[in-house]
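A short write-up of the structure that comes next.
The values are calculated or read from the model by the stated rules, or taken from the named source; none is laboratory data. Source: prediction; values computed, not measured. FYI the Cβ positions are ideal-geometry reconstructions off the backbone, even for glycines, and counts take in every protein chain you see. Side chains are part of the model used for accessible areas, which takes the heavy atoms of the whole protein and leaves out ligands, DNA and RNA. Shrake-Rupley method; radii C 1.70, N 1.55, O 1.52, S 1.80 Å.
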Amino acid sequence: MMKNIKITTIFALLSFFYACSTTNLGNTSLENTQINSSKEKTIFSIYMVGGNLEDDVKPRNNIPDEQELGKISTAGAGSNDLRELIEGYQNLSNEQKANLDIMVAFGGSRKDGWKGIKYADINCLIKDSDDRYFGNDTCYKYKDENSNMASSETLETFFKYVKNNYGNNKRKVVDLWDHGFAYLGMGQDSRNGNQLISLQKIKEAFTNSNLKVDLIGFDACLMGSIEVAKTVKDFSSYMVASEELEPAHGWNYTDTVNILAKNNSSFESIGKSIVDSFIDNPDHKEEFSKYKTLSLIDLKKVDNVIQKLDIFSSTLNMDNFSNLLNAVQESQKFGDANKNNLSYTIDLINWINNIKKSNSGSSGDSVLKALSEMVIYSRHDDSKPNSNGISIYSLSKNMENKYGENEAVSKNWLDFSRSFVRFGINDFVNPVIKEENFGTKSNKISLCNNKDQLGHCLDISDNVGLKSVEQIFSIKADERYYFNIGSKRLKEIDEKNKYFTPVWNGEWFLLCNGNCETGLSIFPTAYYNSYTESGNSIYSSDAVINSEDVIFYMEVDKNNNVVSEWAVPYTISEKGEVLLNRNQLKLNIGDTIQFYYQVYDNINKKNIWKKGESITFSAIPKWSFAKIDAKKLYYIQAEDYKGNISNSNVYEIN
């Protein structure tokens with residue numbers, strides 16, 4: 001039987017609180033390259049910004065592998081995908097090889113071979129891979145070790161190269177590879193800080209190079225948005241992109257090369273096959289490879305969607321703000337971060353369907369029909385059940401200053417989103433919690449019954465609209481601070497504003513250094529995030545792994561077993577942008593983790609953040625579920641859009 005864990009084990013000594021370089025000719029001049037294209041061929045061109053996906057694989061502490069190891073490193077997500085590319089090409093028949101040209105621009109990393117940029121065709125890549133290390137050969141068509149791959153000029157130069165050298169190819173595919181951030185853009189050259197290539201700059205690179213392709217793919221996070229689709233619609237017929245964060249392995253390039261070498265396939269068929277390969281390929285089904293979404297978009301249909309969306313959004317009235325907010329909260333979110341209280345995007349189709357349910361505007365049928373014609377094919381894994389293939393700005397108040405005319409899908413939509421945000425933040429009244437049928441004297445609680453379950457019944461409302469109602473599980477440090485170790489979302493029951501929560505028995509998740517009976521252990525924070533398609537719960541929290549800020553996720557079944565866990569690193573840019581990484585980290589021996597705890601300050605009546613103690617794993621990390629031997633309490637917390645918070649009485653567990 002699991003022992004009780006002392007509070008001193010959990011909270012010992014709690015404490016508070018990437019210059020743009022101009023592309024030049026480098027060692028190999030672009031003007032000396034020779035045009036070698038065929039009208040019958042497909043050109044597959046990849047712009048691969050290696051960044052920290054390439055240069056900081058292990059031990060994942062923001063120190064370049066080669067600096068830490070004192071020698072070259074063959075590890076890296078970019079290198080792995082180049083090897084897949086080579087394997088796929090070498091598996092082709094001679095006839096299939098004759099159908100396909102491959103050109104890769106790679107670099108953007110702190111690794112010696114990946115500094116600046118290099119252009120390599122498939123024959124050069126094969127030669128370069130002889131020692132399993134990319135970037136140390138002499139076969140490149142072009143190189144410049146001073147280039148910044150997160151610069152729009154560097155991207156434009158590559159597009160011009162593809163246009164000038166492969167412009168006569170009958171079929172053209174461009175793949176942009178790196179971190180992605182939806183309407184903020186993409187691309188992080190780890191030698192040049194957190195600079196991004198904005199959507200406007202991507203559009204300028206296509207426009208200035210006069211490059212038009214059949215399919216554009218984003219092997220990057222969060223780029224399956226209507227804002228991105230609008231940006232590239234005049235330069236490609238189809239787009240393949242992900243609504244959510246991509247696992248670091250990204251696409252399977254062995255499959256992709258094989259798919260593209262079949263020269264008689266339509267691009268609809270090609271796009272669908274790439275989607276299927278990403279979701280289904282067994283080589284990419286690691287236990288911690290979560291949040292997989294990918295879709296095929298018909299870019300010829302984007303204008304019609306935007307037109308219908310403009311009409312639809314004009315019918316949405318702030319008099320229905322509560323219903324509109326509820327539709328947002330019920331929608332599938334992408335790129336969310338707890339401590340920073342934001343999400344990048346929500347699923348557009350899911351959101352409109354939620355609005356339809358509340359009768360808060362026109363039916364939305366016309367925009368849904370247009371969207372069904374634009375999203376040709378969409379798939380997701382179990383962790384994102386309401387992903388339908390295209391996302392849009394999440395209406396998060398903490399992202400509004402990042403979402404302007406250059407990012408918005410249209411002026412009408414921008415006007416609506418600004419009205420929504422400003423209406424919601426112009427609220428100075430806290431939610432109201434009425435505790436109907438229980439008392440708190442001497443810790444005696446009168447319980448209510450809901451569907452044969454004993455618990456607490458409450459009436460909760462807000463003058464503008466509720467963002468969330470949650471049951472908060474806490475450890476009582478003293479009379480002032482409640483350390484919130486987790487939360488569970490509450491939903492309205494049979495009547496409007498009526499909520500129910502069961503009694504908490506004081507048990508919580510336990511993360512252990514090997515053996516949970518004898519090893520060092522901590523109670524991690526786990527705040528409700530979402531449900532999976534199979535009914536499991538996903539919790540998330542902010543943490544630090546090996547000195548790197550991460551969002552830590554746990555998937556939990558109905559018996560409170562942790563069936564998987566993974567962490568997504570992030571950085572904060574100079575502009576204050578939360579830049580999420582597509583790495584998915586799994587806890588290993590040697591890792592150190594420290595969780596952030598949301599703490600309720602009972603004097604100032606607000607939530608703050610504190611760090612808990614750290615744990616370093618000398619054995620394989622294990623999970624359990626145990627009772628906490630400490631002062632435990634729980635309460636109900638209601639929050640509106642602005643962030644006004646009200647709490648119920650506190651229920652202490654003896």
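Along the positive direction of the dipole of the stretch 98-148 (beta-carbon charges: Lys, Arg +1; Asp, Glu -1; about the Cα centre), which of I102, N136, W114 reaches farthest?
W114
Which entries of K233/K411; K290/K498; K233/K586 have Cα-Cα distances beyond 27 Å here?
Where the Cα-Cα span goes over 27 Å, the pairs concerned are K290/K498; K233/K586.
List the GluC sites (Glu not before Pro) in the stretch 244-286 that DSSP assigns to loop (not H, G, I, E or B) and whose Cβ has at most 16 other Cβ atoms within 10 Å. Which are they?
On the way: sites: E244, E268, E286; in loops: E244, E286.
Hits after loop and neighbour filter: E286.
At what distance in nm do the modelled label points of R422 and S573 sit from each other, each positioned 7 Å from its Cα along Cα→Cβ?
Using points 7 Å along Cα→Cβ, the separation is 2.5 nm.
Going out from 0 in 10 Å bins, what whole percent of all Cα-Cα distances in the stretch 257-367 drops into each bin?
It works out to 11, 29, 31, 21, 8, 1, in whole percents.
Using the Karplus curve 6.51 cos²θ - 1.76 cosθ + 1.60 with θ = phi - 60°, what ³J(HN,Hα) values do you get for each residue of the stretch 507-521, in whole Hz, with x for Gly and Pro?
In residue order, the calculated couplings are 8, 8, 5, 10, 10, 10, 7, x, 7, 6, 7, 10, x, 4, 8 Hz.
Assign one of three labels to the stretch 206-273, namely rounded, prolate or oblate, based on the Cα gyration tensor with a ≥ b ≥ c the square roots of its eigenvalues; rounded applies when a/c is under 1.5, prolate when it is not and a/b is larger than b/c, and oblate otherwise.
oblate
Say the cut-off is 31 Å between C-alpha atoms; which of K143/K212; K292/K476; K384/K467 go over it?
Beyond 31 Å between Cα atoms: K292/K476.
Using a cut-off of 13 Å between beta-carbons, work out the net charge of the residues near A567 (Lys and Arg +1, Asp and Glu -1, A567 not included).
Values: positive: R60, K290, R582, K586; negative: D542, E548, D549, E555, E565, D591.
In short, -2.
With runs of 4+ DSSP H residues as the only contributors, calculate the mean residue ellipticity of the chain at 222 nm using -39,500 (n - 2.57) per run, divided by the residue total and rounded to the nearest 500.
-7000 deg cm²/dmol, from helical runs alone.
Through the Karplus equation 6.51 cos²θ - 1.76 cosθ + 1.60, θ set to phi - 60°, convert the phi angles of the stretch 376-391 into ³J(HN,Hα) values in whole Hz; use x for Gly and Pro.
Working through the residues one at a time gives 6, 7, 8, 9, 8, 8, 4, 6, 10, x, 10, 8, 10, x, 8, 10 Hz.
Starting from the Cα gyration tensor of the stretch 68-173, take the square roots of the eigenvalues, sort them a ≥ b ≥ c, and report rounded, prolate or oblate (rounded when a/c is under 1.5, otherwise prolate if a/b is larger than b/c, else oblate).
Because a/c hits 1.5 or more and a/b fails to exceed b/c, the stretch 68-173 counts as oblate.
For the stretch 448-583, what number results from the quotient of the Cα radius of gyration and 2.2 N^0.38 Å? Can you show the working numbers first?
Numbers: Rg = 17.6 Å, N = 136, 2.2 N^0.38 = 14.2 Å.
Here the Cα radius of gyration is 1.24 times the empirical estimate.
Order these peptides, 298-307, 344-353, 636-645, by their mean beta-carbon neighbour count within 10 angstrom, highest first.
Going from most to least packed, we get 344-353, 636-645, 298-307.
Expressed as a whole number of Å, what is the distance separating the alpha-carbon centroids of the stretch 578-654 and the stretch 47-102?
Spelled out, the Cα-based centre of one part sits 37 Å from the other.
Would you mind getting me the FRET efficiency between D365 and S266? Use the beta-carbon distance for r and R0 = 45 Å, nearest 0.05.
According to the calculation, E is roughly 0.95.
What number, in nm² with one decimal, is the all-direction average of the projected area of the convex hull of the alpha-carbon atoms of the chain?
Average of the hull's projected areas for the chain equals 29.1 nm².
Can you list the HN-Hα couplings for the stretch 478-491, worked out from phi with the Karplus curve (6.51, -1.76, 1.60; θ = phi - 60°), rounded to whole Hz and with x for Gly and Pro?
6, 5, 9, 10, 10, 7, 7, 8, x, 8, 9, 6, 10, 10
Rounded to the nearest 10 Å², what accessible area does D452 have for a 1.4 Å probe in the complete protein model?
Answer for D452: close to 150 Å² accessible.
Using a 1.4 Å probe and ignoring any ligands, DNA or RNA, find the accessible area of K172 and quote it in Å² to the nearest 10.
30
By its C-alpha gyration tensor, with a ≥ b ≥ c as the square roots of the eigenvalues, how is the stretch 451-503 shaped: rounded for a/c under 1.5, else prolate for a/b larger than b/c, else oblate?
Because a/c hits 1.5 or more and a/b fails to exceed b/c, the stretch 451-503 counts as oblate.
Find how much the distance from V432 to I608 grows on full extension, using 0.36 nm per residue of separation minus their present alpha carbon separation; answer in nm with one decimal.
Gain in length upon complete extension: 61.2 nm.
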